[in-house]
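What follows is one structure encoded as structure tokens, with my remarks underneath.
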Amino acid sequence: MEEITLDRDETGEILPTIQNFYRFCGHGRLMALKCIECEKLLIPPRIICPKCSSSRFKWIQLSGKAKLRTFSFIHIAPKQFSSQAPYIIGIVKLEEGLSLSGRIIVDKNVKLEIGMDLIVEFEDTVSVGWPQWPRYYFKLAKVIEQ
Amino acid sequence: MIEKPLAAIVSAGLSKFGKLDGFSAREIFTYAAKEAFDKCPNLDPRKDVKGLYLGHMTESAEHQGHTGPLVADWIGLNPVPAVRFENACASSGVALRCGIQAIKSGFVDVIMVGGVEKLTHLATSDATEYLALSADNFFEQWHGFTFPGLFALIARAHMHEYDTTGEQLATIAVKNHHNGSLNPKAQMQKEITLEQAMTSRVVASPLRLFDCSLISDGASCVILTKPELAKRFSDTPIYIQGSGQASDTIGLYERDDLTSLNAVALAARDAYEMSGMKPKDIDVAEVHDCFTIAELIISEDVGFCKKGDGGKLVQSGDTAIDGNIPINTSGGLKSKGHPVGATGVAQAYEIFLQLTGQAGARQVNDAEIGLTLNLGGHGSTAVAHVYSTTI
Ligand SMILES: [Zn+2]
């Protein structure tokens, strides 16, 4: 496996930080934290489980398969995004059950609908340090022809 | 068991809301404070007022932090303790609740609570960016989520789940602009038509320009005291009977239900429980219509109608000034304006006017019980208060 630079604690465990989440994204991996006590999946990663208050976690890779929960076309954007407007934002439900926000990038002729199948994709950009992280986004899942 | 009433409001002030060119935040607040002082001749501000709690969100707008003592000095309250509260759009709602706690604790007998914001000198894209600060930086802002965008996500989910329509949302805008046309301090004192609202340009689909509140300058304040001291300062005080506040996730995506604002339901529940009031007892309400969908969902979550019926509620006319449960008689954030830090206490100001019969052309007949619901961000904070004319 490709070597990923991650922040680790003194015992070598990967720290449950947002920066590490995005570093995984920079290497094409959508990762969640799984609470060892109560099995809750977390994105963003946290140091204390919001369900059971445990601090024992492991990182697991998600499939990236998702269904669209809601979406909006942004026409008036903040300065750093205004050149991209209109663009689509959304909240998706990942196959593993947790939800995530992100950009939805589809062809202009695609009619978006709640419940649509999506799959995660990652920007090509290289991380240039906190907090300029490589982003994930969602695109249409490939329909397999019968 | 907390003894009631929690506190009394003996005076209140509001600056004009709108584009107040040439005035800085500290100066704008002075106009609100001056109204409150002038309306309360029995109050000696220097002698009686023992603190200032100030809601203020965007220090970057004027490149000015530390606004608590700054504003206290500008209104002649120096050297009383002065504290700035920042809970996004709920900043002064939270300041009000903390002011009540200061009174209840016995630390002070009289305190001024208010809020201020100065935003209209900014470019729209800068203002949009500052207001988005109340959303999750790393998972929302970083991906280009705007504030209208987040409420658009909520609106789309509500439309999908309950068949809520753009026309129902526009009806809220039309109502609130009508109310604002009757409020001399409102930023936009003009009526709009349903067609105008429904054909205005899309900001973040499905929300259009007229679904969004305004970018505003303005300030608000109230003078709080112990109930037993109220009559010393005013013949017609109003009383705060219940207070509730709750929090929710900073990221919208972490919520299982996108059609409801859980913190709103919890804050309202606690305020009702403390006051002994129920939704049907409320004569007039000011709720946080930062977007039309917010008013619609809050009207459901505070119990004015069944979940999913918020659209039907506004279309029935029940939330108009002469309806069963008038909502946002001031014009709301939509038409009166939304100087973020001032908004929570501006709601209390409107209830003060309504319950003391001073609301002029927008007066609700026989208003005796009022409710305010102030939202921070996309519901990461909610603050509810219940007010009455009698102890
Ligand atoms: Zn757990």
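A few remarks follow.
- Each Cα pair under 8 Å and six or more residues apart adds its separation to the average, and for segment B:1-51 the resulting relative contact order is 40 percent.
- Counted over segment B:61-125 with a bin width of 10 Å, the fraction of Cα pairs per bin, in whole percents, is 19, 47, 27, 7, 1.
- Amide H contacts of residue A:37 (H built 1.01 Å from N, under 5 Å, at least 5 apart or other chain): A:56
- Taking chain A as a whole, the Cys residues whose C-beta sits 4.7 Å or farther from every other Cys C-beta are A:25.
- CD proxy at 222 nm, helix term only [per DSSP H run n ≥ 4: -39500 (n - 2.57); per residue of chain B; nearest 500]: -10500 deg cm²/dmol
- Evaluated at q = 0.20 Å⁻¹: base-10 log I(q)/I(0), Debye formula over Cα of segment B:2-160: -1.25
- Legend: P(r) of segment A:1-119 from all alpha carbon pair distances, 10 Å bins from 0, whole percents, reading 12, 35, 32, 17, 3, 0.
- In nm, spacing of pseudo-spin labels at residue B:123 and residue B:138 (7 Å Cα→C-beta vector): 2.9 nm
- Bridgeable aspartates and glutamates around residue B:34 (alpha carbons under 16 Å apart, same-chain partners fewer than 8 residues away excluded): B:44, B:48, B:73.
- Pairwise FRET efficiency - residue B:83 versus residue B:368, Cβ, R0 = 30 Å, nearest 0.05: 0.40
- Extending 7 Å from Cα along the Cβ direction at residue B:190 and again at residue B:361 yields two label points whose distance is 1.5 nm.
- Rounded to 5, percent antiparallel among DSSP beta bridges of the protein assembly as shown: 80 percent
- Computed lengthening from residue A:63 to residue A:106, 0.36 nm per intervening residue step minus Cα-Cα distance: 13.5 nm
- Buried surface between chains B and A: roughly 3000 Å² of accessible area, summed over both sides, computed with a 1.4 Å probe on protein heavy atoms only.
- Solvent-accessible surface of chain A, taken per residue with a 1.4 Å probe and all protein chains present: 57 Å².
- Computed lengthening from residue B:322 to residue B:273, 0.36 nm per intervening residue step minus Cα-Cα distance: 15.0 nm
- In sequence order, segment B:348-365 has phi-based couplings of 5, 4, 5, 5, 4, 4, 4, 6, 9, x, 10, 8, x, 4, 10, 4, 8, 4 Hz under the Karplus curve 6.51 cos²θ - 1.76 cosθ + 1.60, θ = phi - 60°, and Gly or Pro positions carry x.
- For the pair segment A:7-70 and segment B:236-282, the centres of their Cα atoms are 32 angstrom apart.
- Each semi-axis of the equivalent ellipsoid for chain B is √(5λ) with λ an eigenvalue of the Cα gyration tensor; in descending order they amount to 30, 23, 19 Å.
- Entry comment: accessible area of chain B is 34 Å² per residue, from protein heavy atoms only and a probe of 1.4 Å.
- Surface share of carbon and sulfur [accessible, 1.4 angstrom probe, percent] for chain B: 51 percent
- Nearest 10 degrees, 0 to 90: helix B:262-275 Cα axis against chain B principal axis: 40 degrees
- Overall size of the protein assembly as shown from C-alpha positions, given as principal axis extents largest first: 78, 56, 47 Å.
- In Hz, Karplus ³J(HN,Hα) per residue of segment A:101-109 (6.51, -1.76, 1.60; θ = phi - 60°; x = Gly, Pro): 9, x, 6, 10, 10, 9, 4, 4, 7
- Here the relative contact order of chain B, from alpha carbon pairs under 8 Å that lie six or more residues apart, stands at 26 percent.
- Summarising the label geometry, the points placed 7 Å from Cα in the beta-carbon direction at residue B:161 and residue B:19 lie 3.8 nm from one another.
The values are calculated or read from the model by the stated rules, or taken from the named source; none is laboratory data. Please read all numbers here as calculations on a predicted model, not as lab measurements. Glycine also receives a Cβ, built like all others from the backbone with ideal geometry; neighbour counts cover every protein chain displayed. In case anyone asks, the SASA skips ligands and DNA or RNA and just uses the protein heavy atoms, side chains included. Shrake-Rupley method; radii C 1.70, N 1.55, O 1.52, S 1.80 Å.
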